[in-house]
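The values are calculated or read from the model by the stated rules, or taken from the named source; none is laboratory data. The model shown is predicted, which means the values in this text are computed figures rather than measured ones. Counting neighbours? That spans all protein chains shown, and the Cβs are built from the backbone with ideal geometry, glycine included.
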There are 2 protein chains.
Amino acid sequence: MACIWDTHSLHFGLLFGILLSFSVTTNGLKLWPMPKSVNYGSKTLYWSTNMQLRTDGSNYADSSGILKEAFERVVNLIKADHIIEAKFANSSVLAGVNVVVHSSDDTLNFGIDESYTLNVPAKGSPLYAKIEASTIFGALHALETFSQLCYFNFTSKVVELHAAPWTIYDLPRFPYRGLLIDTSRHYLPVPVIKSVIDSMTYSKLNVLHWHIVDDQSFPIEIPSYPKLWYGAYSYTERYTINDAIDIVKYAERKGVNVLAEIDVPGHTLSWGVGYSSLWPSKSCREPLDVSNEFSFKVIDGILSDFSKVFKFKFVHLGGDEVNTSCWTTTPRIKEWLNNHHMNESDGYRYFVLRAQQIALSHGYDIINWEETFNNFGDKLSPRTVVHNWLGGGVAQKVVADGLRCIVSNQDKWYLDHLDATWEGFYTNEPLTNITNPAQQKLVLGGEVCMWGEHIDTSDIQQTIWPRAAAAAERLWTPFDKLAKDPKDVISRLAHFRCLLNQRGVQAAPLIGNGREAPSDPGSCYKQ
Amino acid sequence: MACIWDTHSLHFGLLFGILLSFSVTTNGLKLWPMPKSVNYGSKTLYWSTNMQLRTDGSNYADSSGILKEAFERVVNLIKADHIIEAKFANSSVLAGVNVVVHSSDDTLNFGIDESYTLNVPAKGSPLYAKIEASTIFGALHALETFSQLCYFNFTSKVVELHAAPWTIYDLPRFPYRGLLIDTSRHYLPVPVIKSVIDSMTYSKLNVLHWHIVDDQSFPIEIPSYPKLWYGAYSYTERYTINDAIDIVKYAERKGVNVLAEIDVPGHTLSWGVGYSSLWPSKSCREPLDVSNEFSFKVIDGILSDFSKVFKFKFVHLGGDEVNTSCWTTTPRIKEWLNNHHMNESDGYRYFVLRAQQIALSHGYDIINWEETFNNFGDKLSPRTVVHNWLGGGVAQKVVADGLRCIVSNQDKWYLDHLDATWEGFYTNEPLTNITNPAQQKLVLGGEVCMWGEHIDTSDIQQTIWPRAAAAAERLWTPFDKLAKDPKDVISRLAHFRCLLNQRGVQAAPLIGNGREAPSDPGSCYKQ
């Protein structure tokens, strides 16, 4: 009843299968992203049927239940819905994990210590893995790493941990490891956003950049200006302010900060659906009217509301792709510009800098797309982070000028570019041509961008993964441990892709461009 | 920072958005699939913040918790992760649902009564919706229908039920409403299979046809012949027998039966990885060796094991696409055929009929692909169901011969045919040219087939949905309530597609072929 049939390739596929059988779990070093330092042995441990979380010696009280929830989540991920049998009687039983966290504080500040050590001894009675971390968020990363050491044994039906003893010390190379989602071009339901957050933690990404609004729709409730979300696509394609709070809390409990963006003054067509005076005119509807104080009052209202929801150090103010022609073709605005001795470029600068001041007044540091730097970099607030996207070579200019930078050059790290391969994601180096250590520190990290023109619930995860994971290793792993040739990591990344699949994440095959369907029948590990 | 930009189409999209705003929930008749009988009014009810499940007058004790679990599931689906506020003081408060089930038995037999009535009064204190059903499985369908009456109100932040009072009476047109998945061409992890089962219930499909093994891999553990799953793709791409039990129980609790298939004697190349004597020879490796008693012993062992796991009335024995050339090119088998006065066709018939006898001995009725009927229909067991796939017009021949039939003609109901549109899925009529009521009853229903050559975890759900839902209405809704022109249901199906997305199911846009990415930014309801 199958429609396409090629016996030759199928036989070949089967041979692959035979060769692969029973070999996948024997190589212990399938961790993704690769930790800073890893040592391991050769002994197999067997999970207790009742894995225990202990916190002996920890200063972290876990009053919010972050650790307990994470431990249960990890245990379930490792079991992968298999039924565990309890028929072994073996001395090498792993009784659980002891998690020692030094800090009692679980505020997810930017640049927080995310390091951890993970020790799994080969002997002991009772035998516990030990995690030690400065903060709970380092401990969460350690639990993810621990989960990648454990395998369900299909013969004995118990969970095993191979290659003990393990000694792992790990910390991220960059403090900002982001993924952008875009809920204006297509609305993403709350459960979908949460599933994206879940999947981010598997490769230790830690910032969800939420490009909330754009020309096409304004899906979020702004209590200060309650007509703004009249610009939503429909009645249901919206987020209440409580939805946003829920998403932020959900993410923070998993070590992920949420960066909110309002992109001004361009990319704002949908704003005027509720407040048409934000448009230059009915026929010319963006950028926001630079001559109208109401434009800045609305931005102030939004950022005031945001400051109660989005607790991240930064807010993103966009500032890219601003076509100011509506300002000069609208007589009222042209006159205002003339009166203020401004041309279009001056108006653009004026708008961006005023928006920056508003953000600063609400306690935020600012992220702006790179056109702001390219046009008037010397005027930007020193609390600006420049977000690169147009191409390579920008970060070195930004940090030479003493500003901070996030790298997202579109040729390599735009996930909507389906011809951008995982190899390109892997090899894109944020510190290219930046050798001065002080300047290197100004590169906060990078971000892969999942723009939503052709992305909705149906295809977002398969377009993000596994390519975002390739970038995640670049952002996490020490430079000297990164592969020079991506071929050297293909087997390990394929293994991670299969792990994502086992966890229900719709990660696409590695072979081919982004989001390609498997070309033939075959094992996940070979596609 | 976006790469593709077309202002004209975006403005147009925005206008669509404005027109749509606040109108979607005002039309109550967005149910999918359409029930047999629906009456409704115009009053809005408001959910209590603590919706109650009552079972006053029910005979069903729910000792296994099926109903309680389903009620909680439905309440969570309706909330769709939104935070509900409790600030209303209104007389029209819906306090909960009272579920009356007449039968105390929750065995999911084939052909069980799946009918239900759902009444939502407009008045009452306390005000309860009332579900009445012969079996718990009818009540589950009623809860799904109930869920589609309720909406989160983004202004008041409460859940509303519009257009009360409701009186719905409903039952399925066909008892067999199936979806095939294929875990041989690509392995599907257990959580993925469970998510497929969840999504099936939203459009009231009730049979998961699990095409477990095929040429490419043999992923399932068979305790009687423990080397069979050596034919798996890899160590991890396998199901333990307990995994299978878990999947069957999971499905049954949601009203879905699991139909297991072993496809014999063709499509069996992977069987010989563990037991090479099942191959005609090392160089010619299928069909199973008709001359070797071991072939039938293994089938007997598999079906013996299956009978403890797969409790559905039917087992699927395949029988399609059998190329018997290996039998005549292998001297030993050719000699055996000669000695038994058989040619290749006789051998094929002999094999299929003997496998049927084995299945019957384990208490199963048999489903076979249509080639068995086309070649020797008069020899098949009367307990055979013929599974159509090659094209139209088969069912009428099968039922004219007094056998039962399931319709899956590939031109319309093969989901891997990406050029098969939802309109074709919707309009494919299983009873075409069958007018005799007794013969009509022999058509048990139909099944949409998600063959796995180009399908894995990354793309299975977006390839299944929304097209499978179009077929689901064909299989559920009375013929006279089905749209003659699929254009008449496009808005309702788009609404259902968006509902699937809200529930986290990766249903693709309606526009275009199967599994197409959205072509432009826009509302889910318009794509």
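Some notes on this structure:
- Looking across the range B:469-527, the residues that are among the basic types (Lys, Arg) and more than 25 Å from B:Phe152 (Cα to Cα) come down to B:Arg474, B:Lys481, B:Lys484, B:Lys487, B:Arg515.
Yes/no matrix, rows are residues, columns are (1) of a type in the set (A, V, I, L, M, F, W, C); (2) within 14 Å of another protein chain (Cβ to nearest Cβ); (3) in contact with a Leu (Cβ under 8 Å, 6 or more places away or on another chain):
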residue	(1), (2), (3)
A:His267	no, yes, no
A:Ser283	no, yes, no
A:Asn292	no, no, yes
A:Val298	yes, no, yes
A:Ser304	no, no, no
A:Gly319	no, yes, no
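- Hits in the range B:151-180 - residues which are among the hydrophobic types (A, V, I, L, M, F, W, C), crowded, with 23+ Cβ neighbours inside 10 Å and within 27 Å of the chain's Cα centre (by Cα): B:Leu179, B:Leu180
- Residue within the range B:509-527 that is outside the structural domain of B:Trp389 (by TED's automatic domain parsing), outside any loop (DSSP other than H, G, I, E, B) and in contact with an Asp or Glu (Cβ under 9 Å, 6 or more places away or on another chain) present: yes
- Filter pass, A:Val394 being modelled with pLDDT under 95 and aliphatic (A, V, I, L, M): yes
- Test: residue in the range B:99-114 that is of a type outside the set (D, E, K, R), surrounded by 17 or more Cβ atoms within 10 Å (Cβ to Cβ) and on the phi > 0 side of the Ramachandran plot: no
- Residue list for the range B:410-438, filter: under 28 Å from B:Lys379 (Cβ atoms) and buried (at least 22 other Cβ atoms within 10 Å of the Cβ): B:Trp413, B:Tyr414, B:Pro430
- Among residues of the range A:270-299 being touching a residue at least 60 places away in the same chain (Cβ under 8 Å) and closer than 17 Å to A:Phe218 by Cβ, the one that is nearest to the chain's Cα centre (by Cα) is A:Ser270.
- Every condition in (1) without any contact (Cβ under 8 Å) to a residue 60 or more places away in the chain; (2) touching a Phe, Trp or Tyr at 6+ places or on another chain (Cβ under 9 Å) is met by B:Leu208 except one, and the failing one is (2).
- Failed item in (1) modelled with pLDDT of 90 or more; (2) within 14 Å of chain B (Cβ to nearest Cβ), with A:Gly65 passing the rest: (2)
- Where a residue in the range A:228-242 is more than 7 Å from chain B (Cβ to nearest Cβ) and its partner, wherever it lies, is charged (D, E, K, R), with Cβ under 7 Å and at least six apart: A:Trp229/A:Glu221; A:Trp229/A:Arg238; A:Tyr239/A:Glu221; A:Ile241/A:Glu221; A:Ile241/A:Asp305
- Qualifying positions in the range B:395-421 - β-branched (Val, Ile, Thr) and either more than 29 Å from B:Gly512 (Cα to Cα) or within 11 Å of chain A (Cβ to nearest Cβ) (or both): B:Val398, B:Val399
- Yes/no for B:Asp56 being among the acidic types (Asp, Glu), free of Cβ contacts under 8 Å to residues at least 60 places away in the same chain, over 25 Å from B:Gln502 (Cβ atoms) and outside any strand (DSSP E or B): yes
Yes/no matrix, rows are residues, columns are (1) buried (at least 24 other Cβ atoms within 10 Å of the Cβ); (2) among the basic types (Lys, Arg); (3) on the phi < 0 side of the Ramachandran plot; (4) touching a helix residue (DSSP H, G or I) at 6+ places or on another chain (Cβ under 8 Å):
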residue	(1), (2), (3), (4)
A:Ser217	yes, no, yes, yes
A:Tyr239	yes, no, yes, yes
A:Gly255	yes, no, no, yes
A:Ser283	no, no, yes, no
A:Lys297	no, yes, yes, no
A:Ile302	yes, no, yes, yes
A:Asp305	no, no, yes, yes
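- Scanning the range B:321-370 for residues that are within 14 Å of chain A (Cβ to nearest Cβ) and in contact with a strand residue (DSSP E or B) (Cβ under 7 Å, 6 or more places away or on another chain) yields B:Ile367, B:Asn368, B:Trp369, B:Glu370.
- In the set B:Glu453, B:Glu447, B:Glu473, only one residue is in contact with a strand residue (DSSP E or B) (Cβ under 9 Å, 6 or more places away or on another chain) and farther than 20 Å from A:Gly504 by Cα; that residue is B:Glu447.
- B:Tyr128 of a type in the set (Ser, Thr, Tyr) and closer than 30 Å to A:Gly504 by Cα: no
- Unmet requirement for B:Trp271, which otherwise passes all of (1) surrounded by 23 or more Cβ atoms within 10 Å (Cβ to Cβ); (2) more than 13 Å from every other protein chain (Cβ to nearest Cβ): (2)
- Evaluating A:Thr457 against the criteria (1) surrounded by fewer than 23 Cβ atoms within 10 Å (Cβ to Cβ); (2) polar (S, T, N, Q); (3) under 30 Å from A:Gln216 (Cβ atoms) leaves one unmet condition, (1).
- The selection criterion, being of a type in the set (Asp, Glu) and part of a helix (DSSP H, G or I), holds for B:Asp411.
- Residues in the range B:357-373 that are part of a strand (DSSP E or B) and over 14 Å from B:Val407 (Cα atoms): 2 in all.
- Entirely in the range B:84-185, the strands (runs of 3 or more DSSP E) that have 2 or more residues that are away from chain A (no Cβ under 14 Å) and free of Cβ contacts under 8 Å to residues at least 40 places away in the same chain: B:127-133
- Taken together, the criteria place A:Leu288 among residues that are touching a Leu at 6+ places or on another chain (Cβ under 8 Å) and in a loop (DSSP other than H, G, I, E, B).
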